[in-house]
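The values are calculated or read from the model by the stated rules, or taken from the named source; none is laboratory data. Source: prediction; values computed, not measured. Here the Cβ is made from the backbone with ideal geometry for all residues, glycine too, and neighbour counts use every protein chain on show. For accessibility, only protein heavy atoms count, side chains too; no ligands or nucleic acids. Shrake-Rupley method; radii C 1.70, N 1.55, O 1.52, S 1.80 Å.
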Amino acid sequence: MDLSDFEADNSVSCRLASPVPEACKSEDCCLGIDEAGRGPVLGPMVYGICFCPVSRKEDLKDLKVADSKTLSEAERENLFLKLDKAKSFVGWALQILSPNTISTSMLQRAKYNLNALSHDAAIGLVQYALDCGVQLKEVFVDTVGPAEKYEEKLSQRFPGIKVTVRPKADSLFPIVSAASICAKVARDHIVKGWKFAEDLGEVDIEYGSGYPNDPKTKSWLLKYLDPVFGYPQFVRFSWSTAQTLLDSKAVTVHWDDDEEDGEKAAARQNNTSMLTYFSRSKPASAPTRETHRFFTERRLQSIDTL
């Protein structure tokens, strides 16, 4: 699986896709949707679709696809290769939601929760298939939230397509199992080969499962928590596990507001106001040091006066 488009900038989301089989442009098709990596505090969430002609459903069954969570990594890899080789009648596409995209979406002023993010990723992939000329007649989805409401939402968005939303759809419908495998294989490759933009030296890759309750994951989060700048972009800093560690281990920052004088409020909390840095003159003999990438990427410079 070629992930170079995402690896070029893993701070943003990315869509990857196989070629669309000609059969899918001329015959009625079914499509499955599933995701991988919804719960972990580390790495991306990957949404996947897989589609094939309705007349080739049995051929898909013959590949012996199954829910990716019931398969070993080697079995998933082998099945993905089989799906990729069946390019005469099987197509797939992925929407990779970077940890940075997930966190900034969930913490923006107008709240955009994980369910809404998931729904929009799924809708975007179905629309992508339609835009590519796939003749969709059936869509099968592993539910996010209440199944009936989600099914109604998708049916209204895509009239003329029969939509079926079920819990555990990846164990009920082979086309969803195939989508699950594509998504899981992509996420596994991304997490294993993650390129850290931050200067962390030789990174310890023993971060466990990535789930918040995993002791190895918690240990890794503590090890790579910068007291000022927080976590590398591999971490979903909107997750409560990450936020709790930041609150307890990172430097406290007082944000000035309109209700009280910023410097007085900061002094009351035995803290330093952000405003003091604008009025503080730099000593002539102050040693120079390399500016942190947070500032250089945003083209920020130090000033002595406002």
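Considering only residues that are of a type outside the set (Gly, Ala, Ser), open to solvent by less than 50 Å² (accessible area, probe 1.4 Å) and in a helix (DSSP H, G or I), look in region 185-202 and name the one that is nearest to Met45 (Cα to Cα).
In this case the residue turns out to be Arg187.
For region 188-195, indicate whether the set of residues that are more than 18 Å from Asn10 (Cα to Cα) and touching a residue at least 12 places away in the same chain (Cβ under 8 Å) is non-empty.
no
Output the number of residues of region 61-89 satisfying the condition of being in a loop (DSSP other than H, G, I, E, B) and touching a helix residue (DSSP H, G or I) at 6+ places or on another chain (Cβ under 8 Å).
From region 61-89, those in a loop (DSSP other than H, G, I, E, B) are 63-67, 71-72, 86-89; that's our starting set.
Still in the running and touching a helix residue (DSSP H, G or I) at 6+ places or on another chain (Cβ under 8 Å): 63-67, 71, 86, 88-89.
Count: 9.
Being within 30 Å of His292 (Cα to Cα), among the basic types (Lys, Arg) and touching an Asp or Glu at 6+ places or on another chain (Cβ under 8 Å) is true for just one of Lys195, Lys168. Which residue is that?
None of the other options fit; the residue is Lys195.
Under 8 Å between Cβ atoms, at least 6 apart or on separate chains: pull out the pairs that start in region 83-98 with a residue that is among the hydroxyl-bearing types (Ser, Thr, Tyr) and end on any residue that is open to solvent by 10 Å² or more (accessible area, probe 1.4 Å) and assigned to a strand (DSSP E or B).
Every condition considered, the pairs that remain are Ser98/Cys14.
Just need a number here: residues in region 32-78 that are hydroxyl-bearing (Ser, Thr, Tyr) and over 30 Å from Leu221 (Cβ atoms).
Of the residues in region 32-78, the ones hydroxyl-bearing (Ser, Thr, Tyr) are 47, 55, 68, 70, 72.
Of the ones still in play, those that are also over 30 Å from Leu221 (Cβ atoms) are 55.
Of the residues in region 32-78, 1 are hydroxyl-bearing (Ser, Thr, Tyr) and over 30 Å from Leu221 (Cβ atoms).
Can you work out which of the residues in region 4-45 that are of a type in the set (A, V, I, L, M, F, W, C), open to solvent by 10 Å² or more (accessible area, probe 1.4 Å) and out of contact with any Gly (no Cβ under 6 Å at 6 or more places or on another chain) is farthest from Tyr128 (Cα to Cα)?
Here the answer is Ala8.
Among the residues in region 46-55, are any part of a loop (DSSP other than H, G, I, E, B), under 24 Å from Pro232 (Cα atoms) and either open to solvent by 20 Å² or more (accessible area, probe 1.4 Å) or touching a helix residue (DSSP H, G or I) at 6+ places or on another chain (Cβ under 6 Å) (or both)?
Within region 46-55, not a single residue is part of a loop (DSSP other than H, G, I, E, B), under 24 Å from Pro232 (Cα atoms) and either open to solvent by 20 Å² or more (accessible area, probe 1.4 Å) or touching a helix residue (DSSP H, G or I) at 6+ places or on another chain (Cβ under 6 Å) (or both).
I'd like to verify a number: residues in region 78-131 that are of a type outside the set (A, V, I, L, M, F, W, C), open to solvent by less than 50 Å² (accessible area, probe 1.4 Å) and over 19 Å from the mean Cα position of the chain (by Cα), how many?
Selection size over region 78-131: 1.
List pairs: first in region 135-162 and in a loop (DSSP other than H, G, I, E, B), second open to solvent by 30 Å² or more (accessible area, probe 1.4 Å) and modelled with pLDDT of 95 or more, Cβ under 6 Å, 6+ apart or cross-chain?
Gln135/Asp28
Determine which single condition Lys69 fails, assuming it passes every other condition in (1) of a type in the set (Lys, Arg); (2) surrounded by 15 or more Cβ atoms within 10 Å (Cβ to Cβ); (3) under 26 Å from Tyr207 (Cβ atoms).
(2)
Residue-by-condition table, conditions (1) farther than 15 Å from Asp170 by Cβ; (2) of a type in the set (D, E, K, R):
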site: Val41; (1), (2): yes, no
site: Ile49; (1), (2): no, no
site: Lys61; (1), (2): no, yes
site: Lys64; (1), (2): no, yes
site: Phe80; (1), (2): no, no
site: Lys85; (1), (2): yes, yes
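When the residues of region 159-174 are narrowed to those that are among the aliphatic types (A, V, I, L, M) and open to solvent by 10 Å² or more (accessible area, probe 1.4 Å), which ends up nearest to Leu83 (Cα to Cα)? Give the derivation first.
Step one: of region 159-174, the residues among the aliphatic types (A, V, I, L, M) are 161, 163, 165, 169, 172.
Narrowing further to those that are open to solvent by 10 Å² or more (accessible area, probe 1.4 Å): 161, 163, 172.
Values: Ile161: 24, Val163: 23, Leu172: 18 Å.
Once the filter is applied, the top-ranked residue is Leu172.
Yes/no matrix, rows are residues, columns are (1) over 26 Å from Asn113 (Cβ atoms); (2) open to solvent by 80 Å² or more (accessible area, probe 1.4 Å); (3) at pLDDT below 60:
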| site | (1), (2), (3) |
| --- | --- |
| Asp226 | yes, no, no |
| Val235 | no, no, no |
| Asp261 | yes, yes, yes |
| Tyr277 | yes, yes, yes |
| Ser281 | yes, yes, yes |
| Pro287 | yes, yes, yes |
| Arg299 | yes, yes, no |
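Could you list, in sequence order, all residues of region 22-45 that are touching a strand residue (DSSP E or B) at 6+ places or on another chain (Cβ under 8 Å) and either among the hydrophobic types (A, V, I, L, M, F, W, C) or part of a helix (DSSP H, G or I) (or both)?
The answer is Ala23, Cys24, Cys29, Cys30, Leu31, Ile33, Ala36, Val41, Leu42, Met45.
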